[in-house]
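Worksheet: the structure to be examined is printed underneath.
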Amino acid sequence: MTIAVSASIATDHLMRFPGKFSDVLLADQLHHVSLSFLVDDLVIRKGGVAGNISYAMGLLGQTPLLVGAVGQDWGDYRKWLEDNGVDCSAVRVSADLHTARFVCTTDETMAQIASFYPGAMAEARDIDITQLGRELELVLIGADDPEAMLRHTDQCRTAGIPFAADPSQQLAFIDGETALRLIDGADYLFSNEYEWGILLQKTGLSEAEIGERVGIRVTTLGSKGAKIVDRDGTELHVDVVPDIAKVDPTGVGDAFRAGFLTGQSAGLSLERSAQLGSLIAVLVLETVGPQDWTLDHDVAMKRLRDAYGPEVAAEIEPILTNR
């Protein structure tokens, strides 16, 4: 069976600011802010939520089905993903619009200021999840064209297809009713700590009330690891794999999701799945660009042993071996 990843497909334009945004942004002047940051580096990378997650799952030996819309400028990107194990047959190619673009500046504290041009992403709403010609194990519905997110969520619910809700960045721009529609009935709910706060605020629901609407809730906590709440309310905390260097946080959350869902698909426990997700996340954190990292078996096993012990590493090893 196949895991489909329905979310944005984009190119990332990533810049580094050799200072702190907090030293330049004045709290009492934000109502008429006009700033330009002189950056010292620019790299252009392949990205987007769906692209990042699918790439990571491909490196882990999966064959994820990429679902999204792009422009005709995506030929090189498609070849890259297919060469790394991703099924791109469900991607819609727009006749008129460019592939979406993410432009992000990161300061020396890892704070980020970003803009996102959706472009062809708006046409993702024209893709029907039920007509993909695959038996789907799970559909991850991540940040994308809002109408596409709603359509794909409704299609999964109606057809009885298990889905993971990962509204992430879009939570800032939707109302509480829409947020509930995106998560209601999800087998998994992903968010980071900040997004979880937004979800609670906008829906007006308590943690327990949201827990009644979803299956497994996964909240990433940055350097503090991740919290997983099972269907019965049991909470589990998983620490991060310690980093060697913090290079670029772009795509770290996507990497965690890829590792976690790969672990779940392979039959690992929630804890082991989160530990695999943490490994993939740190590999992305230590690399510029969310798809410029590689997976070396021996290095990965050492990182797992050092972080969680030899027994944990041995349980996860088959996924790293059979890729």
For the stretch 60-68, indicate whether the set of residues that are out of contact with any helix residue (DSSP H, G or I) (no Cβ under 9 Å at 6 or more places or on another chain), among the β-branched types (Val, Ile, Thr) and open to solvent by 50 Å² or more (accessible area, probe 1.4 Å) is non-empty. no
Sort out which residues of the stretch 144-181 are among the hydrophobic types (A, V, I, L, M, F, W, C) and farther than 15 Å from Ile216 by Cα, and write them in order of number. Ala148, Met149, Leu150, Cys156, Ala159, Ile161, Leu171, Ala172, Phe173, Ile174, Ala179, Leu180
3 or more residues without any contact (Cβ under 8 Å) to a residue 60 or more places away in the chain: qualifying strands (runs of 3 or more DSSP E) within the stretch 101-177: 112-117
Residue pairs, Cβ under 7 Å, 6 or more apart or interchain, first in the stretch 42-69 and under 25 Å from Val103 (Cβ atoms), second of a type in the set (Phe, Trp, Tyr) and part of a helix (DSSP H, G or I). List them. Lys46/Tyr77; Lys46/Trp80
Please find, within the stretch 28-54, the residue that is nearest to Trp74 (Cα to Cα) out of those that are surrounded by 13 or more Cβ atoms within 10 Å (Cβ to Cβ) and over 11 Å from the mean Cα position of the chain (by Cα). Lys46
Please return the ranges of helices (runs of 4 or more DSSP H) entirely within the stretch 19-98 where 3 or more residues are modelled with pLDDT of 95 or more, under 23 Å from Ile127 (Cα atoms) and not hydroxyl-bearing (Ser, Thr, Tyr). 49-59, 75-83
Do you know which residues across the stretch 151-166 are closer than 17 Å to Asp126 by Cβ and in contact with a strand residue (DSSP E or B) (Cβ under 9 Å, 6 or more places away or on another chain)? His152, Thr153, Gln155, Cys156
Residue ID - least open to solvent (accessible area, probe 1.4 Å), chosen from residues in the stretch 181-224 that are assigned to a helix (DSSP H, G or I) and among the hydroxyl-bearing types (Ser, Thr, Tyr): Thr203
Can you spot a residue in the stretch 86-99 that is among the polar types (S, T, N, Q), within 20 Å of Ala164 (Cα to Cα) and surrounded by 20 or more Cβ atoms within 10 Å (Cβ to Cβ)? no
Kindly indicate the residue of the stretch 130-148 that is in contact with a strand residue (DSSP E or B) (Cβ under 6 Å, 6 or more places away or on another chain) and not acidic (Asp, Glu) and also nearest to Glu195 (Cα to Cα) among those meeting that condition. Gly142
Restricted to the stretch 269-323, and to residues that are among the polar types (S, T, N, Q) and within 25 Å of Thr250 (Cβ to Cβ), which residue is most open to solvent (accessible area, probe 1.4 Å)? Thr294
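The values are calculated or read from the model by the stated rules, or taken from the named source; none is laboratory data. Quick caveat: nothing in here was measured; it's all calculated off a predicted structure. Because the Cβ atoms are built from the backbone with ideal geometry, glycine has one as well, and the counts that use them run over all protein chains shown. These accessible areas exclude ligands, DNA and RNA; they are computed on the full protein's heavy atoms, side chains included. Shrake-Rupley method; radii C 1.70, N 1.55, O 1.52, S 1.80 Å.
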